[in-house]
Each structure stands twice: as structure tokens, then as C-alpha cells.
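Below: one structure, written as C-alpha cells.
The values are calculated or read from the model by the stated rules, or taken from the named source; none is laboratory data. Everything quoted here is computed from the prediction, not taken from an experiment. Methodologically, a virtual Cβ is constructed for each residue, glycine included, from the backbone with ideal geometry; neighbour enumeration extends over all protein chains shown. Just so you know, the surface numbers come from the protein's heavy atoms only, side chains and all, with ligands and any DNA or RNA stripped out. Shrake-Rupley method; radii C 1.70, N 1.55, O 1.52, S 1.80 Å.
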Number of protein chains: 2
Amino acid sequence: MIKTKATGPIPTGFHAIDGELALGGQTASALVAENGSPLFVYAKNRLDDRMAQLRAAMPDGLDLHYAMKANPFPPLLRHMVGLADGIDIASGGELHMALEAGAAPDHISFAGPGKRDEEIEQAIRAGVTINIESPGECDRALKTGGALGRQPRLAIRVNPDFDLKGSGMKMGGGAKPFGMDIELVAPTVQTILDAGADWRGFHIFAGSQALSADAIIETQAQTLELAARLATEIGASPAHVNLGGGFGIPYFPGDEQLDIIRVGRALSDQFAQLPDILTSTQFAIELGRYLVGEAGVYLTRIVDRKQSQGQTFLVTDGGLHHQLAASGNFGTVVRRNYPAAIANRFEEEPAETVSIVGCLCTPLDRLSDNAAMPRASVGDIVAIFCAGAYGASASPANFLGQGPARELLVD
Amino acid sequence: MIKTKATGPIPTGFHAIDGELALGGQTASALVAENGSPLFVYAKNRLDDRMAQLRAAMPDGLDLHYAMKANPFPPLLRHMVGLADGIDIASGGELHMALEAGAAPDHISFAGPGKRDEEIEQAIRAGVTINIESPGECDRALKTGGALGRQPRLAIRVNPDFDLKGSGMKMGGGAKPFGMDIELVAPTVQTILDAGADWRGFHIFAGSQALSADAIIETQAQTLELAARLATEIGASPAHVNLGGGFGIPYFPGDEQLDIIRVGRALSDQFAQLPDILTSTQFAIELGRYLVGEAGVYLTRIVDRKQSQGQTFLVTDGGLHHQLAASGNFGTVVRRNYPAAIANRFEEEPAETVSIVGCLCTPLDRLSDNAAMPRASVGDIVAIFCAGAYGASASPANFLGQGPARELLVD
């Protein structure tokens, strides 16, 4: 008897039509019949709902930015440009995509530890805010602005002296390649002011993918305190402070939704007691995965069903070349099962224990390990949930000559 | 004081010109000046030398196949088609590339657990050997051959009842999605023979990336024994047996070169005492990484040098989007340092401990952790070695809007 391993919780709000998982009013099998397999489907209404919930929960006046690295699919990005108050980019390539998607340059900010000279030049020409990551980068930006005869818009990315507890990725608290250590911030702002450039404020990002409201509340409080301390040292109010993100989504068995109501209330309380030096500051949070992750589903057709030594394998035409993180090969130490289902048997009860693998000829290509599923056959469709963020663009699409999956934004 | 972590052993045979790492007679900085950064450089003479060493070590008459999944870069693939006795493919995409590169269809074989119907059709039309992974796939191939009026060339991929000890990836010994369990082999061959299709023999692949000659010798002996046992059960000699690969290359501190002389001698001894049923069989081994891995170097320019809390970071314009495995995020549990150098200071002594990171805005993007290096500045070039296999094509090139690196085959 094979021991069943749990799969992660399927995000709430997915419905069935004729017993099948449906997205945008179409069944999984209709979507695959029309668009092919494998297929990423992103649901517009889920993007809208998530943003509306967040606006309701967060303090009035807080800007909500979309970190497009989570999902740069052009139709989805265009939709997010309409929903979000700003777009955060991480490369010259993303700058190009954000402008194409209609983002206003003065609502774009650019962070990244290794900006090339030409990327800095593109950013200054476009008039977007550059989050400066080191004194050396500050010099390059000022020099480039001078050569172009343009006043660059520069914020300081700070390496905070705390981290986001329980976060999947720590980006502060210790020696880091991101941002600059606290003692370098005031002198660098002075350099910017002396050069006559436009100092835009701070970008302080302590970590990502946290599910604990307490941890995020604590980090936001520390971030505000740090921003006030730095502003006081500089003797000037920052126009803008990006408080970072860190809002996670549940992927794995036992994970629970982040309580954004509590996070929003605590942040409102903080805003009610800001020190004078921050009362004129515009604040933002920067979210990627939280805004788009649960809106996406990856659909992949079963091409073989086979037995080996008493175990059942469902072999699909997709795999880690589109779903690197779900395969357990991207930043995870212990592989756990993402939420998954047999999409065209969405309302059937589990009837067997199966491992769902991809089509790649490598043991790394596993989508679900010993999961309880309804009995599935060749031609049935597997759904992997939480596929809206860090899926298509964060996977090696060309591995083994496979190529990218089709992506689709549905109403 | 930062504790230095060792880097893997730089493959022997790399030389310096004017103190710089040189490939194809050009210095690293000349290569980057001409072709841009980041850049994969593959050295033709290293491919030739590796194949020549292998031919000298292995028994006469053994076919040496190239598993193109390791590196499908078209100019390199064309060169490997000229050097190898066969090309092993893993998808319809690779079939197309192999034919474009000039491989003869009767020297191509196709393995992969999730072959789509259209891939099976393409393979039969082209006349390549399909390694059948399940009874269900056998039925699909026979049906497709019938519909096309073509006699398919079918070998059986066997899930062996042993694994390759100490291998990085076990592909046999237990319940597996690859190949079919031993008891299914004879009945499936009978189905092929009854259908009048061309039964080509066996494909038996027990694992990859082993550095122990003893482990490979034992696995090859077990593989021959299994092939003989299956042939006897079937009552017919297999025309061809692919003995798999498994030859690893050193990546990490303490790793040592595989002793191919010992492996070759042991295999010659085995061939000298083959049972009658295998004396007319053509044998092959299938190697990817071993043939091309050490021939490639990844060059990436330093765009920032920064301090954080006493640690030094060299930030490059490359990263995990081209070098996923070197970043420690592909099939590894504990991150260790690949062999690395400051390419344009190749003959300088180490002078400091630095972490070399990529340009991506994620803590996963680390190329070398606390490594001892000569003192490097912005504009210097980092070399990551062992970049010839599972580099460019096995990494998420479009992550964070970056795009692929240029690749170059040099004489």
C-alpha cells in the first residue's frame, strides 16, 4: 500500500461546470481543446477580486504596486497596469514590457542589484524611479544623468537591519547583495541632493512569501521606524517610501491564508501615529505573487498511465520546464505537493494514489508525489493551482527541446 | 573574518594568454568585447579531445552516443553529430534539431516518458528508433505506424531492477516513470514482433552523474546480465542494446575525475565473455554531460562591487537565468560552489573572499558563495566552469525579463 502524501490547499472560489474545473466560463477540456496543452490560464475576475479585497483591507491612500517579475504575460500585465497604482520592474527588459503595457513612467520603479549601464540609461531616459542599490550604482546613475542632460529620479534601496520572520526568501537582516547598509544611506542621499538629482525616498524590502500577519505587521512597523530614523538623519522628508511586500499565498498542506484584514488594521494604526517627518510621505507596498499567484492554473494533458512496481504514474505533456517551482526544484529544500486536481473530474472523489510526472526524461520532473486523485486516464487533464506567479517565466521552457506553454487571460 | 568556502576543481587544460583565461585562442575579455556578456563559450578542441580519450578507453566497436539534452546549441550539436555514432533525443523538438544538424535518422533514438501522439508520428515518419516506455505507448506507436503504413523501429526501454550507486540521478531500481518493469518487457516485444514492426532491442539507463568507476562497472555488468536474461526469455537476440550512461564530471570540491580507462577495461572483459545470445548485438553508451560539460565556460561581467556588513559582493550581469544548476537551484539539496575564476585575472593569486551573485532581484541568484578570488573590480569578468551541459537550455532565460545569453562555439 502506497502512503498518500497530501497536496496543498486548492484556492477557494474555483467552480465546476458539468463536473469540470471551469475558468472564464469554460471547462478545462474546452480550454485545452481550443488552445492546446499545456496551457496556463489566468482568470481576470480573480485578479480583480484580489485587488478589491486588498484595497478594502489596506489603509486609504496606500499605493498598491505590482511587482511584474511574478508574471509578465503581456495581457495580464496590461490588466494589472489598470488595477495597480504602480509597476515595479527588475530589468531593462521589464521596463520595455511595462511601457508597452501602458504603465506611466512616473509610476514605475526599478530595483535590482546588477543594473547594467544601458539599463540605467534606459531608465533615466524613460523617467522612471531607480532604486539605487550601492554608492557605486549611485555614481553611475548621476554620471549617466549628467551625460544625458536629464535629472534622474533616484530612491535608495535600504538593506534593513531586520528580516521578515518566517518568510520564504529573506532579503534583509545580514550581509546582502540587495540595497545598501543603513550607514551608507544618508551620505548617498546627500550625494544625490548635492548633484541636483530628484531624491524620491526609500525602498525597503525585508522578505517575501510570509503567511503570518504578525510577522508582516512587525516588519512594517520596523520599516516605518527605519524610514523615520533615516529621514531624521538626512534631515529631509522622503517623498515616497516603498514598504516592500512579503504577502505570501498558501502552497502546501497546512498553509493558511494570510489575514490581510489584521495587517491592514495594524498599518492604519501605524499611519495614525507617524512622526512629523513622514506625514507628507506617500507610502506603497509592492506585491507580486500575492496579486496574481492564485489567479492562475496550469493545465496539462495525461499522455500515459503506467504501473511500476505497484505504483501508478500519470505522465503528462507538461512538466518542470513550465512549473519549476511546483516540481520542487526552485528554492525549496524538501519537495512538497502544490495543490493539484484532475481538472475534468473536479467533482469526483479521490479513488487512488498516483504520482503525476512531466514528460521530461529526468527524475526531477515530478508535479505531484503519491497524491490522492480520482481515477484518471490518458486524455484527462491535470490542473496545478497557484500557477499565476513564478510559473511560465521562472521555468526553463526550452529544456529538452520542449518550448514554452501557451498562456491565456480569461474573463 | 569571513570563512572561505572552496570552489569546485577547474577542469584541466585551460590556458592563459596575457594572464587571462583563453578559449579558442582569444582572451576572455576579447571574447566578451566582441560577443557581449553574459556569454557561453564552448571549445571545439575540448569536445574533440574528450571524444578521442573516450574512444581510446572504450572497447572497439562500442558506439558512443551523444544525448543532446545536455546541450542542443546548433553549432555544437552539428559538431557532435560528426563526432558521435548516434544522437539520443528526448522530444519532437530535439528530433527536429537533430535532423537539422545532419544526424542520420537510423542513428537517432528517442526516449522520454511522455511522448505525445504527434511526436510518435514525427519519429515514425523520420524513421528513428523509439524507445518504448510502456505497453500503452507501444500500442500507440503500432497504431500510428499502421495508420502511416510505416514499419516503426521500436526498442524497449527497461526499468532495471538495480540502480547506479552514487549517481546524481537514479533512473532505475524501484518504481519509476521511465521505461517498463522487467516482467512487461517480453510480452511487449512479442506484441511488436506479432505486429511485424522492427524490434530494435533494449535501452537500459540506470542513472547519471556518477564519478565512481566501480559503480559504473558494476552497473554495466548488471545491464549486460539483464539484457541477456531478457533476450533469453524472448528467445531472440536484440539488434542493439543501449547500456545507458552515467559518466559524471567533477563539479564540487573533493570531486575527482571518473577513471574511464578502468571502466573501458572492465567493459572489454565483459564483451569478451558475452553469452551467445548477445554476440551479434551492437552495444552503445549514451553520454551527454560527460562529452560536453567541461568544454563550456560561462563568462559574465561584474557590474557592481559592494560591501555589506563586512562581506564583499561581486554583482554580475549574468545569473541563475543562465546557470540554474550552478546557483544550486536545480536538483541539489545543499548548495556548493561550482568551479569559478576571475577570467581576466586567471593567473593572479586569491586575495580576498567574495560572494559572486547574479543580477536577479532574488536571494536564489548566487554563483559563488564566499569564494577565494583575486581582487576584482567592475568590468572584470567572472568565469563559471563546467558550463557546457545543462546550462543555457536548462535555465529560465526569460526570468525577470532578462533573456538568453549568447552562445559561441570556438575552435
Among all residue pairs at least 6 apart or on different chains, which show Cβ distances below 6 Å where the first residue, located in the range B:260-278, is free of Cβ contacts under 8 Å to residues at least 12 places away in the same chain and farther than 16 Å from B:Ala231 by Cα and the second is open to solvent by 60 Å² or more (accessible area, probe 1.4 Å) and of a type in the set (A, V, I, L, M)? none
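Enumerate the strands (runs of 3 or more DSSP E) found wholly within the range B:355-411, keeping only those where 2 or more residues are open to solvent by 10 Å² or more (accessible area, probe 1.4 Å) and aliphatic (A, V, I, L, M).
On the way: elements: B:366-373, B:381-384, B:406-410.
The qualifying strands (runs of 3 or more DSSP E) are B:406-410.
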Selection from the range B:15-49 of residues open to solvent by 30 Å² or more (accessible area, probe 1.4 Å), hydrophobic (A, V, I, L, M, F, W, C) and under 27 Å from B:Pro253 (Cα atoms) yields B:Ala16, B:Ile17
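Can you go through B:Thr27, B:Thr12 and tell me which one is out of contact with any Leu (no Cβ under 6 Å at 6 or more places or on another chain), among the β-branched types (Val, Ile, Thr) and touching a residue at least 12 places away in the same chain (Cβ under 8 Å)? Give the derivation first.
Numbers: B:Thr12 fails: touching a residue at least 12 places away in the same chain (Cβ under 8 Å).
Just a single option satisfies the conditions, and that option is B:Thr27.
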Can you find a residue in the range B:257-267 that is within 17 Å of B:Arg157 (Cβ to Cβ) and β-branched (Val, Ile, Thr)? no
Of all residues in the range B:80-97, how many are among the charged types (D, E, K, R) and either within 14 Å of another protein chain (Cβ to nearest Cβ) or closer than 20 Å to A:Lys306 by Cβ (or both)? 2
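Residues checked against (1) part of a helix (DSSP H, G or I); (2) charged (D, E, K, R); (3) not assigned by TED's automatic domain parsing to the domain that holds B:Val333:
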site: B:Glu121; (1), (2), (3): yes, yes, yes
site: B:Glu137; (1), (2), (3): yes, yes, yes
site: B:Thr144; (1), (2), (3): yes, no, yes
site: B:Ile156; (1), (2), (3): no, no, yes
site: B:Ser167; (1), (2), (3): no, no, yes
site: B:Leu184; (1), (2), (3): yes, no, yes
site: B:Val189; (1), (2), (3): yes, no, yes
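Considering only the range A:339-354, state which residues are assigned to a loop (DSSP other than H, G, I, E, B) and crowded, with 23+ Cβ neighbours inside 10 Å. Write out each step before concluding.
Within the range A:339-354, the subset assigned to a loop (DSSP other than H, G, I, E, B) is A:339, A:346-351.
Selection gives A:Pro339 alone.
State whether one or more residues within the range B:323-338 are farther than 27 Å from A:Ala325 by Cβ and either of a type in the set (Val, Ile, Thr) or within 14 Å of chain A (Cβ to nearest Cβ) (or both). Talk me through it step by step, then tell me what you get.
Going through the range B:323-338, the residues farther than 27 Å from A:Ala325 by Cβ turn out to be none.
Taking every residue of the range B:323-338 in turn, none turns out to be farther than 27 Å from A:Ala325 by Cβ and either of a type in the set (Val, Ile, Thr) or within 14 Å of chain A (Cβ to nearest Cβ) (or both).
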Identity of the residue in the range A:160-184, touching a Gly at 6+ places or on another chain (Cβ under 9 Å) and hydrophobic (A, V, I, L, M, F, W, C), that ends up nearest to A:Pro250 (Cα to Cα): A:Met169
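Can you tell me which residue among A:Asp369, A:Asp411, A:Asp365, A:Asp380 is on the phi < 0 side of the Ramachandran plot, more than 8 Å from chain B (Cβ to nearest Cβ) and in contact with a Cys (Cβ under 9 Å, 6 or more places away or on another chain)? Even if it seems obvious, please write down each step before you answer.
Details: A:Asp369 fails: in contact with a Cys (Cβ under 9 Å, 6 or more places away or on another chain); A:Asp411 fails: in contact with a Cys (Cβ under 9 Å, 6 or more places away or on another chain); A:Asp380 fails: in contact with a Cys (Cβ under 9 Å, 6 or more places away or on another chain).
The conditions single out A:Asp365.
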Conditions (1) modelled with pLDDT of 95 or more; (2) touching a strand residue (DSSP E or B) at 6+ places or on another chain (Cβ under 9 Å); (3) of a type in the set (A, V, I, L, M, F, W, C); number of the one not met by B:Leu364: (1)
If I filter the range B:119-167 down to residues being open to solvent by 30 Å² or more (accessible area, probe 1.4 Å) and within 10 Å of another protein chain (Cβ to nearest Cβ), which single residue comes out as nearest to B:Asp214 (Cα to Cα)? B:Asp161
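Does B:Arg200 meet the test of being modelled with pLDDT of 95 or more and in contact with a strand residue (DSSP E or B) (Cβ under 8 Å, 6 or more places away or on another chain)? Lay out the reasoning, then the answer.
On the way: modelled with pLDDT of 95 or more: yes; in contact with a strand residue (DSSP E or B) (Cβ under 8 Å, 6 or more places away or on another chain): yes.
Yes; evaluated as a whole, the condition is true for this residue.
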Every residue from the range B:289-310 that is buried (at least 19 other Cβ atoms within 10 Å of the Cβ) and in a strand (DSSP E or B): B:Gly296, B:Val297, B:Tyr298, B:Leu299, B:Thr300, B:Arg301, B:Ile302, B:Val303, B:Asp304, B:Lys306, B:Ser308
Listed by range, helices (runs of 4 or more DSSP H) wholly within the range B:21-86 having at least 3 residues that are modelled with pLDDT of 95 or more and closer than 18 Å to B:Val382 by Cβ are B:28-35
Failed criterion for A:Phe313 (all others in (1) open to solvent by less than 20 Å² (accessible area, probe 1.4 Å); (2) more than 9 Å from chain B (Cβ to nearest Cβ) hold): (2)
Tell me, which residue of the range A:98-118 that is at the interface with chain B (Cβ under 10 Å from one of its Cβ atoms) and aliphatic (A, V, I, L, M) is surrounded by the most Cβ atoms within 10 Å (Cβ to Cβ)? A:Ala98
Residues of the range B:117-176 being charged (D, E, K, R), over 20 Å from B:Gly92 (Cα atoms) and either at pLDDT 95 or above or within 22 Å of the chain's Cα centre (by Cα) (or both), which ones? B:Asp163, B:Lys165, B:Lys170, B:Lys176
Residues in the range A:357-385 that are farther than 24 Å from B:Ala70 by Cα and not polar (S, T, N, Q): how many? 15
Within the range B:237-288, which residues are assigned to a helix (DSSP H, G or I), closer than 24 Å to B:Ala210 by Cα and open to solvent by 40 Å² or more (accessible area, probe 1.4 Å)? B:Ile261, B:Arg262, B:Arg265, B:Ser268, B:Asp269, B:Gln270, B:Phe271
Out of the range B:189-209, which residues are surrounded by 20 or more Cβ atoms within 10 Å (Cβ to Cβ) and either polar (S, T, N, Q) or free of Cβ contacts under 8 Å to residues at least 40 places away in the same chain (or both)? B:Ser208, B:Gln209
